[in-house]
Each structure stands twice: as structure tokens, then as C-alpha cells.
Amino acid sequence: MISSKVHIEPTPLFAKFPKKERFAMDRNKTRPSLGFFVAVAAVFSIFLLAPIHGWAGENAGPVPRWGGLVASVPGQIVLKNVLPYDRGQEPTDLTRYFPLNLGSSWTYKTYLCNASGWHVYTSRVSVVDTRDMGGGVVASAVQYPGGEIEWLGWSSLGLLLFSEEESGWSGVYRVPQYVVYSSMEPGGICSGSSIVDLFFEPQHTFYGTATSSLSHTFQGMANVSLPIGDFLDSAIVSYESQWQEPGYPEYEKGLLVLGRDVGPIFIKALEVWSEQGVSHWDFFLSVLSDYTIGPP
């Protein structure tokens, strides 16, 4: 939910990860070739199957290493007992893993790797407002670095994404999109797609539509140790997201580790897109360094 991630070009952490601001504001993009997506898919198959425990390093170089945790980064982070996942049949209450209380904030240290090498930076995500959406659902405005906002709220069935806002544009989901269900068993999948109406702001002038597709799989539970502390009974969620605006696609796949009553504590993902006929990729690891959960 969450992500998104914490990124130089900020993207959602709580719900999904496409950098839609690129597509809304930059019309010079072209569709990556089919061969490029096939090659990336092959990398993804290794990327998501890689264990995420016991990794450290000093210099990773300009290209990620796809074994182990996929890449080494400066410093040391240890994730304990992450694989194999606990695939017991008891469902997990995921509402405890996506707190949206007003006043909550999360600070992350992120290691970004792309063709130019490694970059390390710190970013903050905050819940800055709430809104009654009707039907007993109160949505929270989750604000990312750079000002992008997602409106997310829990219904009795699951976490819903209603709309997104950023300087110069907004996107309203015709049908609110489920991110995860309120209760899921290991191996359970929450997936779907929605048409998004796009508007130039502040005039709120309609200029087109996009299709957003999300798929989150609850993998199971793990005990996780990070520099900030230990997180028992953390939830492991893998995800896939696509943003399809005519001529401007983006695809991302990754893994979230969610602390109980905390939110996303660790994210790893790989993202691909095309700009001016040139295909690009970003690989990143985001690690929670500080957080505050607002009152209920």
C-alpha cells in the first residue's frame, strides 16, 4: 500500500507504484518493444524468487546483482526467517498492516540503482487529511515526497483507492480499486483493473483516460529485523502494477514487508518504462528509518 514507494520521483507506497505523473505531464514517451518487456519479465522471475535475508555490501556497481537479495547496498540489513513463508490456513487481518490514521508519517532510507549507478536518499510519507466517501468509508490523503496524494480508505471488504492528485493533474477511478482485502490467507490474491479519468488541474479539465491494473498476493508472515528494530509477525505481500495510457505504458513488480500496526517497513521493486524511444529501469530498496502513527 503503500509504493510508493519512496522514490526520487515519488510514487505510492500504500497502493501501487506506477509513476503516472510522467505520463500525464510528459507526452514524449513511446511504448517499449515487446522484446524489452519479455527480457524484463525474465529478470523479474529471478528477482521475486530471490530470498530476502542476510544481505550486506559496500559497492554494488551500476547494475544490480540478481542473486541473493538481488543487490548489495551500503550498510547492513537483516531480514530474519522470511523464507519459507508461513503458509498456515489462518487468515490475517491486513487492516492492522495499513494504518491510515491522520497525522501518521513514515521516513525511509532508499537505495536506488539505475544505469547511472547507486543513489541513496531519505524521503517522508504522511497522512495529511481525511474525507468521508459515504457508505461508512473514510478515505485518508497519503502524501508522498513532491506533493502527490492518494486517497485511500478501508471498507468492510478491503482497502480502496479512490483518486490521485498532483500539481497539474488528477486521476479519478470510475470504480474504486481494491488494493488488498481486509482478511487474506497466505497465497490469496487481490487483483483487478479500473478506468481512470484524467484531468488537468486546477481547471479540472478532462483530457483522457488510463487503465490501472493492480495485483497483490499475500505471501505469508515473517519476523523481520531492521536497523530501526525488530518487527514480529510482519506480512509479506508481492505486487504487480501496470499503468496503460495510450502510448505511455509502465510496468512494475516488487515485494512489500508490512509491520503490524506500522505499515510498509521494507520495499524492493523493479520498474520499467520508455522515454523518447529509450527504455529505462529503476531498481530500489526502501527501508523504514522512523515512523509515527497518529491517534485513531
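Every number here is computed from the coordinates shown, using simple stated rules; none is lab data. None of the values given here were measured: they were computed from a predicted structure. Positions of Cβ are generated from backbone atoms using ideal geometry, with glycine treated the same way; all protein chains shown enter the neighbour counts.
Students often check this: by mean Cβ neighbours within 10 Å, which of 126-133, 197-204 ranks highest, and how do the rest follow?
Highest to lowest by the protection proxy: 126-133, 197-204.
Amide H to amide H under 5 Å from Asn101: which residues, 5+ apart in sequence or cross-chain, H placed 1.01 Å off N in plane?
Excluding prolines and chain starts, which carry no amide H, the hits are Gly294.
When a/c is below 1.5 the answer is rounded, else prolate if a/b is larger than b/c, else oblate, so apply that to region 162-255 with a ≥ b ≥ c taken from the square roots of the Cα gyration tensor eigenvalues.
prolate
Please list, ordered by chain and number, the residues whose modelled amide H lies under 5 Å from the amide H of Glu201; skip anything fewer than 5 residues away on the same chain.
When sequence neighbours closer than 5 places are left aside, the close amide H contacts are Gly168, Trp169, Ser170.
By what distance, in whole Å, do the Cα atoms of region 105-233 stretch along each of the three principal axes, largest value first?
Result, largest extent first: 46, 40, 29 Å.
What ranking of Ser116, Ser105, Ser286 emerges when the number of other C-beta atoms within 10 Å of each C-beta is taken as an exposure proxy, fewest first?
Ascending number of Cβ neighbours within 10 Å: Ser116, Ser105, Ser286.
Calculate, in nm to one decimal, what Asp93 and Asp197 gain on full extension: separation in residues at 0.36 nm each, minus their alpha carbon distance.
Stretched out fully, the Asp93 to Asp197 stretch lengthens by 34.3 nm.
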